[in-house]
1. Restricting the search to the range 67-89, which residues are over 21 Å from the mean Cα position of the chain (by Cα) and surrounded by 13 or more Cβ atoms within 10 Å (Cβ to Cβ)?
2. So Glu64 passes all but one of these: (1) open to solvent by 30 Å² or more (accessible area, probe 1.4 Å); (2) under 22 Å from the mean Cα position of the chain (by Cα); (3) closer than 27 Å to Asp7 by Cβ. Which condition number does it fail?
3. Collect the residues in the range 90-108 that are open to solvent by 10 Å² or more (accessible area, probe 1.4 Å) and either of a type in the set (D, E, K, R) or under 14 Å from the mean Cα position of the chain (by Cα) (or both), keeping them in residue-number order.
4. Residues being open to solvent by less than 60 Å² (accessible area, probe 1.4 Å) and either hydrophobic (A, V, I, L, M, F, W, C) or free of Cβ contacts under 8 Å to residues at least 60 places away in the same chain (or both): count how many of those fall in the range 1-22.
5. For the range 113-211, please list each of the strands (runs of 3 or more DSSP E) lying entirely inside it that holds at least 1 residues being open to solvent by less than 70 Å² (accessible area, probe 1.4 Å) and touching a Phe, Trp or Tyr at 6+ places or on another chain (Cβ under 8 Å).
6. Considering each residue of the range 244-261, count those that are exposed (fewer than 10 other Cβ atoms within 10 Å of the Cβ) and either touching a Cys at 6+ places or on another chain (Cβ under 8 Å) or assigned to a loop (DSSP other than H, G, I, E, B) (or both), and give that number.
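The values are calculated or read from the model by the stated rules, or taken from the named source; none is laboratory data. Since we're looking at a predicted model, the values are computed, not measured. Note that we place each Cβ from the backbone using ideal geometry, even for glycine, and neighbour counts take in every protein chain shown. SASA here: full protein model, heavy atoms, side chains in, ligands and nucleic acids out. Shrake-Rupley method; radii C 1.70, N 1.55, O 1.52, S 1.80 Å.
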Amino acid sequence: MKLTIQDVIQHLTTDITLPENTVDQLLIGSAGQDVQGIFVTFMPTHHVIEHAVRLNANLIIAHEPPFYNHHSQTDWLMNDPVYEAKRTLIEEAKVAIYRCHDAIHRYQPDGITEGLIQALGWSSYVEKHRPEADILSFPAGTTVQDIANHMKKTLGLEYVRVAGSPTMDCKRAAVLVGFRGNAPLTIPLFQNEELDLIIAGEGFEWETPEYVRDAVQQGKEKALIMMGHAESEASGMKLLADRLSAVFPTVPIHFVADQPIFKVL
């Protein structure tokens, strides 16, 4: 029995109510197209697309868009040589790209957060799932440095960024993936959940980091770990690939991650 792109989309969105302005859509390709192979990735970079072509995968399921803006608008990129080269690669290879962003964040629990928690081996530490974050309790004597070291080792990260004291004991923490590290989310969590630590993908540097700095200067023990947007969300897309492989066992399905975008000099 043939599998179409629409079959895959239907599976990804079953029982999910997407927002009216959802960014989840088939950006390139036809829903009736037969699926030969699937690449699941955080970001559909030029390298990832070339890799998909080499392995004869004609559907890329990506968490983020291929063309550098959240709503996948391209009119402002016309005649840009980088955009044109990437678009040409996609069209000549006849690769379809489906963006799975809003749906996976609406899974119960949030599919991206769940993937990160599982990858870090922290499932037993989870106290509760909130829409925007998982709340964790760490064993007594666990420091911010211990948590940062574990994240780097387990996920293969070259670095994370820390605000606050690395030697501070951390009993309670919240994990917020992607671009959820901003003050309207983090500051209420610090107070309402009595947190010692926020672990986030990214956020405005003049919001949560500055709140933590002021807290420390006031003698309050608070800390923040910023791990990077892709670094916080790629594990969730890997979990999605594993689950799709179980649902569609006759179709080659791969998770593909690109190299970290930033280097530390």
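1. Selection gives Thr74, Leu77, Asp80, Tyr83, Lys86, Arg87, Leu89.
2. Going through the list (1) open to solvent by 30 Å² or more (accessible area, probe 1.4 Å); (2) under 22 Å from the mean Cα position of the chain (by Cα); (3) closer than 27 Å to Asp7 by Cβ, Glu64 breaks only (1).
3. Once the filter is applied, which keeps residues that are open to solvent by 10 Å² or more (accessible area, probe 1.4 Å) and either of a type in the set (D, E, K, R) or under 14 Å from the mean Cα position of the chain (by Cα) (or both), the range 90-108 yields Glu91, Glu92, Lys94, His101, Asp102, His105, Arg106, Tyr107.
4. From the range 1-22, those open to solvent by less than 60 Å² (accessible area, probe 1.4 Å) are 3-5, 8-9, 12-13, 16, 18-19, 22; that's our starting set.
Those left that are additionally either hydrophobic (A, V, I, L, M, F, W, C) or free of Cβ contacts under 8 Å to residues at least 60 places away in the same chain (or both): 3-5, 8-9, 12, 16, 18.
The number of residues fulfilling the criteria is 8.
5. On the way: elements: 126-129, 134-137, 161-163, 172-176, 197-200.
Hits in the range 113-211: 134-137, 172-176, 197-200.
6. Summing the residues that are exposed (fewer than 10 other Cβ atoms within 10 Å of the Cβ) and either touching a Cys at 6+ places or on another chain (Cβ under 8 Å) or assigned to a loop (DSSP other than H, G, I, E, B) (or both) in the range 244-261 gives 3.
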